[in-house]
Amino acid sequence: MRKEVVLITGANGEIGHGLIAHLGSKKNISIVAMDVAPLDERLRHSCEHFIQGDILDTMLLGRLVAEFEIRTIFHLASILSTKAEYNPETAHRVNVEGTLNLLRLAVEQSSWQGRPVKFIYPSSIAAYGLPSLEIKKKVGKIREDQWLKPITMYGCNKLYCEQLGRYYTYYYRQLAADHGHMNVDFRCLRFPGLISSVTIPTGGTSDYGPEMLHHAAQGEPYACFVREDTRLPFMTMPDAVKALLMLECAPQEKLTQLVYNVTSFSPTAQEIYLRIKKAFPNAVVTFEPHAARQAIVDTWPADVDDSAAANDWGWNPDYDEERAFNEYLIPSIKARYLQPE
Ligand code: AKB
C-alpha cells in the first residue's frame, strides 16, 4: 500500500526550511522533500524521504506518483525576482513549466485517489505592478484583484501560475472528467517579503530586510540596495508557515477565493535599519540603491489588504513589527551568531 505523505518542493529554500522544521516536529506527518541540491543536513531527520532532482524532470515526477499517496503538495520551488531577471527564460521554465508539471502530478494523484489533492502555492507581492511611486504612496493597502501588472519575469510567472491553479481547480475537469481525471484543490497565498532568523534568502528583491539584519548580527557592514524611504510589506517566517498551514486546513466551503493576500507589518528600509541599530549599536549600514532592484520594489505595494484571509479562514499574524523584532528576530539571531555552537 502506498503511504500517505506531504510533498514539499524547494525543500532547501527559505520557506522550505521553515515549513519542514515545523512539520518535522509533528509525529503523524510523513514528508517527502524534493530539491535540486542535496538536502540541508539540518532537515534530514524531519523528512521521511528526500528526492534530489529537478521539477522539470517529468520521469522523476512520474515515479513519485507511483510510489506515494500525496495528500498535499507544498510547491515552494522557484527562482526569485532579482535572479529571474538575469535569465528570464530559465526562470520561466522553472517557475511556470515546473509548476505545470506539479499540477499534472496533482491531477494524476487526485484521479488515482478519487479525491482532490491539495496544492498549496506561495505567490507573491511581485504579482502586483504599480505604475509610479506617487500611486504606490496614494493607494495604500491593495486587494487581490487590483494593480496586477507585474514588471518582472518572476511576477509574471507567479500571476500566471495563479491562473493555472484556477484552471486545474475549476475548468480542467469539465473536459477531463470524460477521461476519468479529477480536479485539484489549489490554494494560494500572496506573500510579502519574508524574514527568518535561521535562513537568508537568495535572489529576491525584498532580501535587503533579512540581509541587513543578518549582516548586523554578524558584525559585517551592509550596503542596502534600496533607498531609505522604500516601503514594503513583510512577515516573519513563523507567520508564513502558520499561513500556509491555516490555508491548507481551511474548510473548502469557507474559501471564497483561490488567492489570498497575507501580511503583517510595512516598514521602510530606514525603519528596519533603526530597529537593527538599536539591537546592534555597532551595525554599519549604508544606502546605495541599485537602479534595477529599486525599480522593481517601487512597483510593489507598500501594503496589502489581507481582510479576505482574515474573514474566510481567520488569518491573523502572531508577530506585528514590535514582536517580530523584539521577541523573534533579534533574540534568536543573537543566539544564533553570538553564542559559540
Ligand atoms: C522576492 O523578493 O523575489 C521574494 C518575493 C517578494 O516574492 N522575496
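The values are calculated or read from the model by the stated rules, or taken from the named source; none is laboratory data. Every value quoted in this text rests on a predicted model; they were computed, and no experiment measured them. Every residue, glycine among them, receives a Cβ derived from its backbone with ideal geometry; neighbour counts consider all protein chains shown. Each accessible area value is taken on the protein alone, full model and side chains, heavy atoms only, with ligands, DNA and RNA left out. Shrake-Rupley method; radii C 1.70, N 1.55, O 1.52, S 1.80 Å.
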### Sorted peptide list for 189-201, 94-106, criterion being average Cβ within 10 angstrom, highest first
189-201, 94-106
### Query
Tyr222's amide H: which non-local residues (gap 5+, or another chain) put their own amide H closer than 5 Å, with H modeled 1.01 Å from N in plane and none for Pro or chain starts?
Val284, Val285, Thr286
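Could you tally the net charge around Met246, taking each other residue with its Cβ under 14 Å from the Cβ of Met246, Lys/Arg +1 and Asp/Glu -1?
Details: positive: Lys118, Arg187, Lys242, Lys254; negative: Asp239, Glu248, Asp306, Asp312, Asp318.
Result for the neighbourhood of Met246: -1.
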### Message
Viscosity 0.692 mPa s, temperature 37 °C: what is the translational diffusion coefficient of segment 1-89 from Stokes-Einstein with a Kirkwood Rh over Cα pairs, rounded to a whole number of µm²/s?
### Response
242
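Pairs of alpha-carbon atoms within less than 8 angstrom and 6+ residues apart define the contacts here; what relative contact order does the chain have, in percent? Walk me through the numbers before you get to the answer.
Values: 648 pairs, mean separation 61.4, N = 341.
Reported relative contact order: 18 percent.
At 1.4 Å probe size, put Met246, Met235 in order of accessible surface, largest to smallest. Please report the intermediate quantities before stating the final value.
Working: Met246 50, Met235 0 Å².
Sorted by accessible area, descending: Met246, Met235.
Per residue, how much accessible area does the chain show when a 1.4 Å probe rolls over the protein heavy atoms, in square angstrom?
On the way: 14900 Å² over 341 residues.
That works out to 44 Å² per residue.
As a test of the formula, what do you get for the chain when each DSSP H run with n ≥ 4 contributes -39,500 (n - 2.57) and the sum is divided by the residue count, at 222 nm and rounded to the nearest 500 deg cm²/dmol? Write down the numbers at each step before the final one.
Details: 14 runs with 132 residues, N = 341.
Computed ellipticity for the chain at 222 nm equals -11000 deg cm²/dmol.
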### Query
Where Rh is the Kirkwood radius over the Cα pairs of segment 67-206, the temperature 37 °C and the viscosity 0.692 mPa s, what D in µm²/s does Stokes-Einstein return?
202
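Report, to two decimal places, the Cα Rg of the chain normalised by 2.2 N^0.38 Å (N = number of residues).
On the way: Rg = 19.8 Å, N = 341, 2.2 N^0.38 = 20.2 Å.
Compactness ratio reported: 0.98.
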### Task
Can you tell me which of 136-147, 70-81 comes out highest on packing, and rank the rest after it, using the mean Cβ neighbours within 10 Å?
70-81, 136-147
### Message
For Glu69, what accessible surface area do you get with a 1.4 Å probe? Give it in Å², rounded to 10.
### Response
40
### Query
Which entries of Lys158/Lys254; Lys138/Lys242; Lys3/Lys83 show an alpha-carbon separation above 27 angstrom in the structure shown?
Lys138/Lys242; Lys3/Lys83
### Task
Given the peptides 119-131, 155-167, arrange them by the average over their residues of other C-beta atoms within 10 Å, most packed first.
119-131, 155-167
### Query
Which residues' amide hydrogens lie under 5 Å from the amide hydrogen of His290, considering only partners 5 or more residues apart or on another chain, with H built in the peptide plane?
Val226
### Query
For the chain, which whole-number percentage of the solvent-accessible area (1.4 Å probe, protein heavy atoms only) is attributable to carbon and sulfur atoms?
53
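Restricting to bridges with both residues inside segment 37-191, how much of the DSSP beta-bridge set is antiparallel, in percent to the nearest 5?
Working: 0 of 10 bridges.
Beta bridges within segment 37-191, antiparallel portion: roughly 0 percent.
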